Amino acid sequence: MLTTFTLLLIKLVPLYLLIIAGYILAKKTKISKETIATLLIYFLSPVVVFYGTTKAPDFKTLIIIPILFFILCATVGISFYFISKLWFKDQKSIPNLMGFMAGSGNTGYFGLPLVIAFLGESQAYLAILCTLGLVIFENTLGYYFIAKSKFSIKEIWIKIIKLPVLYAYIFGVLLYIINITVPTNINDIILNIRGAYIVLGMMLIGISLANIAKFKVNLTFNFLAFIAKFIAFPLATFALISIDSALFGILDSNTKKVLLLLSITPLATNSVAYAIKLKVLPDQVAFAVLASTIFALFYIPVFIFIFL
C-alpha cells in the first residue's frame, strides 16, 4: 500500500507546486488576481468547455454528464443549506454560504488535471463536462444561495445568460449535431490553451490565498464544510452510481471514476470571494479552503487506493 500511496502522491505534487508558485508570486509581485480570473472566465474556460464537447463520444454523453453533476451539486448544496440552518440559527447568511460551498468544489482548476494525472488524457472531456454542470450550479442555485437577499430571480437569470461557457458548450453541441470536426491545427492550439487553463487555474488558488490578510478557525463551520466536501459529496456520488447501475446502466466505468475523482476535490476558491462579498466569516472560509486543499493532498491518494 505504501508504494501505491507514494506513487499517487507523486502525481499530485506538481499541482501543489503550481499553487505554491502562485502564492509566492503574489507575495513578491503586484500580480492582479482579477486579471487572471477574468482571462480564465471569459477566454480560457469557454475554450476548454468547447474542447470537451468536441471530444465526447456521443450526444447522450454531451447532455447527460453536465446534468448529472449539476444534480449532485444541487443535492449536496441544498442538504447542507438546511443542515447548517440547524447549527447556525441566528446567523442567516452562514447557511447561504454553506449551501454554495457544499455544492461546489475546485473541479475545474484542480479536478481537470487530477483526472488527466490518474486516468489519462482520453478522459479529460468527462471532467470538463462535469465542470460545466458545476458552473451551472454555481451560477444558478449556488448564486441564489449567495444573492437571494440582494438580487431578484430575473437578475440571477440575466447573470446565467451572460455565462461565456454556456455559449461555448452550445456551439460545441451544434458542431457535434451537424457533424463538423475541429481541424487538427486548431485542435493543437486548443490543447495549448487547455494547458494554460490548468497552469493559471492552479496558480490562481495560490494567488487567492496569498491575498487573504488572515486566517481564523471556526471549528463548527470547518467541520460542516469538510463533512460536506469529503464525506457527503462522495457518498452522494456513490449513491448516484449505484442507482444508475441498478436501474439505468448509463454510466461506463471511466465515467464513474471521473465522477468519484471530482467528488473529492477541495473546496472552491470562489467561496472566499463570496464570503468577503457577504461579509460572512471570510477569514474562516479562507482557512477552510486552505485546509481542504492541504488535506486533499493526502486524502485523494487514500481514496483512490481504496475505491478506484
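Figures for the structure shown
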{"quantity": "Highest-first arrangement of 106-113, 75-82, where packing means the average Cβ count within 10 Å", "calculated": "106-113, 75-82"}
{"quantity": "Pair-distance profile P(r), taking every C-alpha pair of segment 248-300, with 10 angstrom steps and integer %", "calculated": "24, 34, 24, 15, 3"}
{"quantity": "Rg in Å to one decimal, and Dmax rounded to a whole Å, for segment 81-227 via C-alpha atoms", "calculated": "18.5, 58"}
{"quantity": "Under the Debye formula (equal points on every Cα, no solvent term), log10 I(q)/I(0) of the chain at q = 0.09, 0.14, 0.15 Å⁻¹", "calculated": "-0.42, -1.10, -1.28"}
{"quantity": "Convex hull volume of segment 1-59 per residue (C-alpha atoms, cubic angstrom)", "calculated": "120"}
{"quantity": "Residue of Ser93, Ser271, Ser253 that the Gaussian network model of the chain assigns the largest fluctuation, springs spanning Cα pairs under 10 Å", "calculated": "Ser253"}
{"quantity": "Residue-averaged [θ]222 nm for the chain, counting only DSSP H segments that reach four residues, each worth -39500 (n - 2.57)", "calculated": "-24500 deg cm²/dmol"}
{"quantity": "Of the DSSP H helices in the chain, those whose Cα atoms cover at least 18 Å axially and whose Kyte score averages 1.0 or more", "calculated": "2-28, 59-87, 124-139, 164-177, 184-210, 282-307"}
{"quantity": "Value in Å of the Kirkwood radius, where segment 1-102 supplies the Cα pairs that are averaged", "calculated": "18.0"}
{"quantity": "In segment 44-76, chymotrypsin sites (Phe, Trp or Tyr not before Pro) in a DSSP loop with at most 11 other beta-carbon atoms within 10 Å", "calculated": "none"}
{"quantity": "Most fluctuating residue given options Pro46, Pro57, Pro234, as computed from a GNM of the chain linking Cα atoms under 10 Å", "calculated": "Pro57"}
{"quantity": "The chain: relative contact order in percent, alpha carbon pairs under 8 Å with at least 6 residues between", "calculated": "31"}
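All of the numbers you see were taken from the coordinates with simple rules; none came from a lab. None of these values were measured; they are calculated from a predicted model. Neighbour counts are summed over all protein chains in view; Cβ atoms, including those assigned to glycine, are modelled from backbone coordinates with ideal geometry.
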